Every structure is written in structure tokens, then in C-alpha cells.
Amino acid sequence: MELFAARGFEGTSIEAVLERTGVSRGSLYHHFASKQSLFEAVVGVVEARVGGEVVAASAAAGDTDPVAVLRAGFLAWVRLAADPVVRRILLIDAPAVVGWLRWREVEEQYGLGLIRAVVQAAAEDGRLPTTQVDAFSHMLLAAVNELALLVALADDVPSVQASAEAAVDELLRRLLPQADPTRGSRRRR
């Protein structure tokens, strides 16, 4: 993972991987058919780590309000985009190396399901029509991924990160306003 993060996919040779890990070429190729399949496994590991940190941040928010949960998770993702491993492996190399469609599949596997569950809770609170849960979930995933890319590619990360965090707050405030008290809330049931 460290080699791909430091050197990128193109700059990381199989020889460097063998030297760093101490495994034989035969052993490496027994588990991974190619450098690309090794990289795909690394992408999965990094996605799982990011997913775990985003879920932990959402849980640490200590709030049952779906928008607060989304906010905490989105802010965690935007902050993680500045991590050199996340930046290089997930946001820069993965779309090009594994292909955009496969990268989207991985993103959907790790991120979309979580977002969809929270957006469903927001719909149950009357913040949006339940028929729009899927569309809103995709929009939010796309928006937060674009913010993560802005941070990852920024020359002035702190400034861009602050702007991205403010944008998360503004987007959620406008897109998912306070629950409609006339519709009843699942939290009050």
C-alpha cells in the first residue's frame, strides 16, 4: 500500500513490491494475477479503512438526526481526502487503473449503501419524498466525492478543505431541511 501511495501505480514496479514484502514472485502471482489485481486489492483495503472511519465519525457524532449523521460522515470523507494514501490510491489512481465503472462499483459498495440508509431515515422524517431516496443518495455521493477530489488535488489543502466543509453544511441545509413536524417523525414514535 505504501509503495502505491508514495509512487503511484505507474511508478510502482513488481520488483519493488517483492523487495518491500519479501515474498517470492511465484507467491505474489499465486495470489494476484497482475500488478493491476494487486492494486485492486489495495483499493479494497483502503476503501474499507475509509468506510470504517466514516462510519466511526458518524457514530461519534452521537446524534440520531439523519442529517447530522450524513454531515459527520461527509466531513470525515472530505478530511480523509487529504491523507496521502487515500488521495493517491482512491482519488487519483483508482479511477484510471481499475477503470471508472469498476471504481464506481467499489464506491457504491462502500459509500452508497450507507448514504442510502441515512437518506431513507431522512425521508421517514419527512425531509424528502421516499420516492427520491435513491436519486438523493446518488447526488450526495457524487457531490461529496467531488469535494474530496477538490481537497485531494488542492495546492492549499487547508483552505480548500475549509471551503469544502462549509459546502457540506450548506448543501445539507438546503437539500434536507428540518423535518416536517406535521408528518410525524420516526424518532418520536
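Bear in mind these aren't lab numbers, they're just calculated from the coordinates by the rules spelled out. Keep in mind that this is a model prediction, so the values were computed, not measured. Because the Cβ atoms are built from the backbone with ideal geometry, glycine has one as well, and the counts that use them run over all protein chains shown.
Some notes on this structure:
- If you go through the stretch 158-176 and pick out every residue that is in contact (Cβ under 8 Å) with a residue 60 or more places away in the chain and crowded, with 16+ Cβ neighbours inside 10 Å, you end up with 6.
- Flag for Val43 being in contact with a Leu (Cβ under 9 Å, 6 or more places away or on another chain), surrounded by 12 or more Cβ atoms within 10 Å (Cβ to Cβ) and either among the hydroxyl-bearing types (Ser, Thr, Tyr) or touching a residue at least 60 places away in the same chain (Cβ under 8 Å) (or both): yes
- Scanning the stretch 127-174 for residues that are in a helix (DSSP H, G or I) and charged (D, E, K, R) returns Asp134, Glu146, Glu165, Asp169, Glu170, Arg173, Arg174.
- For the condition on the phi > 0 side of the Ramachandran plot, exposed (fewer than 14 other Cβ atoms within 10 Å of the Cβ) and either within 24 Å of the chain's Cα centre (by Cα) or not aromatic (Phe, Trp, Tyr) (or both), Gly22 qualifies.
- Hey, Gly113 without any contact (Cβ under 8 Å) to a residue 60 or more places away in the chain, surrounded by fewer than 21 Cβ atoms within 10 Å (Cβ to Cβ) and part of a loop (DSSP other than H, G, I, E, B) or not: no
- When Leu28 is tested against (1) surrounded by 14 or more Cβ atoms within 10 Å (Cβ to Cβ); (2) within 30 Å of Arg127 (Cα to Cα), just one condition goes unmet, and that condition is (2).
- Selection status of Leu141, under 18 Å from Phe4 (Cβ atoms) and within 11 Å of the chain's Cα centre (by Cα): no
- Scanning the stretch 80-95 for residues that are without any contact (Cβ under 8 Å) to a residue 24 or more places away in the chain and part of a helix (DSSP H, G or I) returns a single hit, Pro95.
- Those residues of the stretch 48-95 which are of a type in the set (Asp, Glu) and crowded, with 21+ Cβ neighbours inside 10 Å, in sequence order: Asp93
- Search result, residues across the stretch 25-46 that are of a type in the set (A, V, I, L, M) and more than 25 Å from the chain's Cα centre (by Cα): Leu28, Ala33
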